[in-house]
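Shown below is the structure under consideration.
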Amino acid sequence: MMLSGGTLRAPSCTPVIDTVRTIVARLIVTRLGQPRAAVVHAWLWLAAKSDNLEEKRLCLNRVLELDPDNEAATWALILLDRKRPEN
C-alpha cells in the first residue's frame, strides 16, 4: 500500500479505480442537470486520461467553454500546442 494525498491505496487497484473514474466522468458529461463544477471536473479528468492528443484538446476546449477562466485547461492547451508537430 502507498500513501497518496492522505489516502492509502493498493497499487494493484489504481488502474481499476482510474477506469471507474473515467466511466463516471463520461456519465457525468453526458447527463444534463449536473452541477457545472462536476461537469468541468469530469471533462478535465477525461482530458488527463486520454492518450489521443486531439481528444485531449477537445476535452480541454469543452472545459474552457464551460469555465473560460479555468487555468488548468488553459495551461494544458498551451503544453499541447508545444507538442503539436509543425506542418
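Given axes a ≥ b ≥ c from the Cα gyration tensor, I'd like to know whether segment 35-87 is rounded (a/c under 1.5), prolate (a/b larger than b/c) or oblate. Don't skip to the end; give the middle numbers.
Numbers: a/c = 2.62, a/b = 1.71, b/c = 1.53.
It comes out prolate by the Cα gyration axes.
Can you pull the one-decimal nm distance between simple spin-label points at GLU54 and VAL20, each 7 Å off the Cα toward Cβ?
3.3
Another question, then. Taking the highest mean first, how do the peptides 70-80, 39-49 order by number of other beta carbon atoms within 10 angstrom per residue?
Working: 70-80: 14.6, 39-49: 20.5.
The packing order, highest mean first, is 39-49, 70-80.
Coordinate-derived values only; no laboratory data. It should be emphasised that the depicted structure is a prediction, and the values quoted were computed from it without experimental measurement. Every residue, glycine as well, gets a Cβ built from its backbone with ideal geometry; the counts of neighbours run over all protein chains shown.
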